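The values are calculated or read from the model by the stated rules, or taken from the named source; none is laboratory data. In this text the structure is predicted, and so the values were computed from the model without any measurement. Cβ atoms come from the backbone with ideal geometry, glycine included; neighbour counts cover every protein chain shown.
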Amino acid sequence: MSFIPYCHTIRGKFSRRLNRFVAEVCVSGEVVSVHVPSSGRMTDILAPGAEVLLRPAPVHSKRATRFTLLAVRWDDLYISVDASLPNRLFREIFATAGLHELKGWLLERSEYTMGESRFDFLLRRNDLLCPVEVKSVTHVDQTDGAARFPDAPTVRGKRHVRHLTSLVAAGGSAAIIFVVQRNDARYFSPYAQIDPGFAAELREAQRQGVTILAYRCEVSPEGVRLTKPIPIVI
């Protein structure tokens, strides 16, 4: 499976989140501002004192933050918090072997706009098209091992799922890929308690025949590897 390496990382201790995209981390005794590359709440893993992996900003960067938050260590488990990473993993795997469940489809382009929606990818098989949405998942319920999405209500997510469902209902193809950025998930299920509307839209998408897949990742200080598919329970 595809692998995205980490390069030149340093360790720190998470302090607090200032807003959606900025947090404070203690590095070598100094509290510094870091960029959080995800709008997810992640309150279950971004706890004060948690060990984190950071990537320094380029030397001549004019960014306000000196580092980017890459991953959190939670007990003996590393969890990637970079919401852009799943798209990179998906692109990387389609540059090589592709996914077994989407055999025969080729990656046509990224960021495909259709009507009012912009999807992450467009696949092509001969004259057939298949828009794809890739979702980043960081939350896993420790009582049953369920990876859950979203961790906050998502209007955009509901709209995209509804649009993909309508395409399949009209005879087309579409796919949604949930990338769980940790390796302790047993299965995927929508987070109905957080966003019942998203869960309902995903249930209808499954009923109409949208391809819904979930993969988990192995995260380490060396990088992130997409590993194995996990069951979907909706």
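Taken as a whole, the condition of being farther than 16 Å from residue 151 by Cα and modelled with pLDDT of 95 or more does not apply to residue 179. Of everything in region 160-177 that is β-branched (Val, Ile, Thr) and more than 15 Å from the chain's Cα centre (by Cα), the residue that is farthest from residue 216 (Cα to Cα) is 168. Being buried (at least 17 other Cβ atoms within 10 Å of the Cβ), assigned by TED's automatic domain parsing to the domain that holds residue 209, in contact with a helix residue (DSSP H, G or I) (Cβ under 7 Å, 6 or more places away or on another chain) and part of a strand (DSSP E or B) is a condition met by no residue of region 160-169.
For region 2-42, the set of residues classified as polar (S, T, N, Q) and either touching a His at 6+ places or on another chain (Cβ under 9 Å) or within 12 Å of residue 81 (Cβ to Cβ) (or both) consists of 38, 39, listed by residue number.
Within region 3-12, being buried (at least 16 other Cβ atoms within 10 Å of the Cβ) and not polar (S, T, N, Q) holds for 4, 6, 12. Residue pairs whose Cβ atoms lie under 6 Å apart, separated by 6 or more positions or on different chains, with the first residue in region 15-29 and touching a residue at least 40 places away in the same chain (Cβ under 8 Å) and the second outside any strand (DSSP E or B) and crowded, with 16+ Cβ neighbours inside 10 Å, are 23/36. The requirement of being of a type outside the set (S, T, N, Q), modelled with pLDDT of 95 or more and surrounded by fewer than 12 Cβ atoms within 10 Å (Cβ to Cβ) is fulfilled nowhere in region 83-104; no residue meets it. Once region 178-208 is narrowed to residues that are in a loop (DSSP other than H, G, I, E, B) and of a type in the set (A, V, I, L, M, F, W, C), the residue that is nearest to the chain's Cα centre (by Cα) is 185.
Going through region 209-234 one residue at a time, which ones are surrounded by 15 or more Cβ atoms within 10 Å (Cβ to Cβ) and outside any strand (DSSP E or B)? Within region 209-234, 210, 230, 234 meet the criteria. The criterion of at least 2 residues that are more than 21 Å from the chain's Cα centre (by Cα) is met by the following strands (runs of 3 or more DSSP E) wholly inside region 9-96: 10-19, 22-27, 30-35.
Among the residues of region 97-108, write down those that are assigned to a loop (DSSP other than H, G, I, E, B) and not aliphatic (A, V, I, L, M). Residues satisfying the conditions are 98, 103, 104, 105.
Candidates in region 121-159 are the residues that are part of a loop (DSSP other than H, G, I, E, B) and under 15 Å from the mean Cα position of the chain (by Cα); of these, the one that is surrounded by the fewest Cβ atoms within 10 Å (Cβ to Cβ) is 152. Out of region 175-229, which residues are under 23 Å from residue 122 (Cα atoms) and aliphatic (A, V, I, L, M)? If the condition is that a residue be under 23 Å from residue 122 (Cα atoms) and aliphatic (A, V, I, L, M), then 175, 176, 177, 179, 180, 202, 205, 210, 212, 213, 214, 226 are the ones that fit.
Only one of these conditions is not met by residue 35: (1) surrounded by fewer than 15 Cβ atoms within 10 Å (Cβ to Cβ); (2) closer than 26 Å to residue 184 by Cα. Which number is it? Result: residue 35 fails condition (1) only.
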